[in-house]
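The values are calculated or read from the model by the stated rules, or taken from the named source; none is laboratory data. The shown structure was predicted, so the numbers you read here are calculated from the model rather than taken from an experiment. We place every Cβ from the backbone using ideal geometry, glycine too, and count neighbours over all the protein chains shown.
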Amino acid sequence: MPVRKRKTANNDEKDAADTQTENKPKANQQKKVSVFGSCFRVFKYIIIVLLIPPFLNYAALQHEIRFVKLPGIQYDIGRGQKLHLYCRGKGSPTVILEAPAATSSDIWHSIQREISKVTTVCSYDRAGLGFSERPYSTINMTDEKKEWKRDEQFTVERMALDLHQLITGSSQQPKPFVLVGAGLGASISRFYAQMFEEEVAALLLISPLSEELVNEKSWNDYWVTKVLFKQRMKQLSAASGLTRLGLLLNLIKLPEIPANIDMERRYKHLLCQPRHLASGSDEIANFNTSMSQIDSVFKIKPFSSKIMVTLLDGEPFDGELHKIQKKCVEKLTLRHRNSTLVPVKTNDVIGNSPGLIVKHVNNAVEYTKKTKTVSSTNFVKS
């Protein structure tokens with residue numbers, strides 16, 4: 001009997017060991033399934049977190065556009081696109097305001113209001129910026145259809161041609177023009193005046209960017225690694241929905257905006273609008289091409305001495321870049337024979353010295369009325 005019991009006990013232990021051996025792969029398999037399930041759930045949540053903000057931002061943009069009030073009118077410029085133009089005041093000459101790179105026309109709000117007391121003044125959104133449409137792609141077009149779009153998009157040549165069609169064809173503003181441009185806007189104004197000098201009486205260039213800058217390595221490094229990179233990050237943040245989340249959580253500090261609910265809505269809308277920010281990136285990325293275009297048109301013929309040019313030279317840079325900018329602006333005056341250089345001790349002339357801009361615009365308007373035959377056409381606010 002004891003022997004039989006020992007055998008039975010041994011058999012029970014053997015069966016238990018066999019059962020444990022059989023269950024071990026099952027346990028390992030269940031563990032693997034459990035780990036896989038956990039990873040899948042984590043991955044699913046990550047996908048949801050990544051996809052929801054962009055979709056919410058897109059939906060919000062579609063909803064907001066119905067309530068965003070535009071100050072001006074969207075004009076068809078005949079290139080398969082519409083540009084937003086805002087004019088106020090009456091009489092001539094007409095002052096045209098050109099914003100810096102990647103900036104909407106709202107930057108001129110307070111300045112435009114003051115100038116409108118004297119004459120007609122217009123601000124507009126360049127292609128793709130603000131509430132103007134981007135140029136249509138020519139990738140799928142035939143060569144014949146591409147012919148009228150052969151100029152490069154988001155360069156000063158294309159921008160100047162767009163502006164010319166907008167103010168002389170689509171909307172027909174009173175001539176002559178006083179062009180006021182800041183940063184890249186100053187480059188567009190110069191190109192326009194060189195191409196259509198019979199239409200332009202005066203230029204006011206605010207912190208202008210000279211074509212000489214492209215020859216400076218430190219400037220090119222700054223433009224690509226700081227200016228373009230920052231704009232690309234804004235574009236990515238808007239496309240991913242992070243900018244909207246930042247606005248909702250009050251994590252983004254807004255600049256001082258005049259007590260105007262429509263302007264605040266437009267600003268926040270554009271801050272979350274990838275199309276607007278992408279167009280700004282394109283303008284910045286094409287800077288060297290734009291400067292090459294300006295250099296070419298100035299080599300064809302000298303700038304007209306009949307056009308009065310005033311340069312408000314601010315201090316937007318520090319250190320070596322400041323010295324480079326000053327040197328290039330001094331060379332700029334040599335290309336404009338009837339020019340006056342006015343140093344301004346601020347890094348943001350538009351924001352910090354709007355009264356100075358209005359003063360020099362009014363001087364240009366008076367100069368134009370004395371030296372040019374101005375139109376008697378009255379223009380009512382758009």
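Assorted remarks:
- Residues located in region 157-180, provided they are touching a residue at least 24 places away in the same chain (Cβ under 8 Å) and outside any helix (DSSP H, G or I): Ser171, Gln173, Pro174, Lys175, Pro176, Phe177, Val178, Leu179, Val180
Yes/no matrix, rows are residues, columns are (1) more than 30 Å from Glu133 (Cα to Cα); (2) surrounded by 16 or more Cβ atoms within 10 Å (Cβ to Cβ); (3) outside the structural domain of Val214 (by TED's automatic domain parsing):
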residue: Asp282; (1), (2), (3): no, yes, no
residue: Met291; (1), (2), (3): no, yes, no
residue: Ile300; (1), (2), (3): yes, no, no
residue: Ile307; (1), (2), (3): yes, yes, no
residue: Leu312; (1), (2), (3): yes, yes, no
residue: Gln325; (1), (2), (3): yes, yes, no
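- Any hit, region 80-99, residues being at pLDDT 90 or above, among the polar types (S, T, N, Q) and closer than 25 Å to Ala127 by Cβ: yes
- Residues in region 79-116 that are touching a Pro at 6+ places or on another chain (Cβ under 7 Å) and within 19 Å of Ile261 (Cα to Cα): Tyr86, His109, Ser110, Ile111.
- Scanning region 49-69 for residues that are within 20 Å of the chain's Cα centre (by Cα), in a helix (DSSP H, G or I) and hydrophobic (A, V, I, L, M, F, W, C) gives a single hit, Leu61.
- The number of residues in region 181-202 that are among the charged types (D, E, K, R) and in contact (Cβ under 8 Å) with a residue 60 or more places away in the chain comes to 2.
- The residues listed here are Leu228, Leu205, Leu245, Leu236; of these, the one that is without any contact (Cβ under 8 Å) to a residue 12 or more places away in the chain and either more than 17 Å from the chain's Cα centre (by Cα) or assigned to a helix (DSSP H, G or I) (or both) is Leu236.
- Taking helices (runs of 4 or more DSSP H) as the structural unit, those lying wholly within region 297-382 and holding at least 1 residues that are within 16 Å of Glu197 (Cα to Cα) and at pLDDT 95 or above correspond to 354-371.
- Of all residues making up region 99-128, the number that are touching a helix residue (DSSP H, G or I) at 6+ places or on another chain (Cβ under 8 Å) and either among the polar types (S, T, N, Q) or over 21 Å from Glu366 (Cβ atoms) (or both): 17
- Residue within region 235-250 that is more than 20 Å from Ile350 (Cβ to Cβ) and among the basic types (Lys, Arg) present: yes
- Complete set of residues in region 273-296 that are among the small types (Gly, Ala, Ser) and part of a loop (DSSP other than H, G, I, E, B): none
- Any chance Glu114 is in contact (Cβ under 8 Å) with a residue 12 or more places away in the chain, in the same structural domain as Glu283 (by TED's automatic domain parsing), of a type in the set (Asp, Glu) and surrounded by fewer than 24 Cβ atoms within 10 Å (Cβ to Cβ): yes
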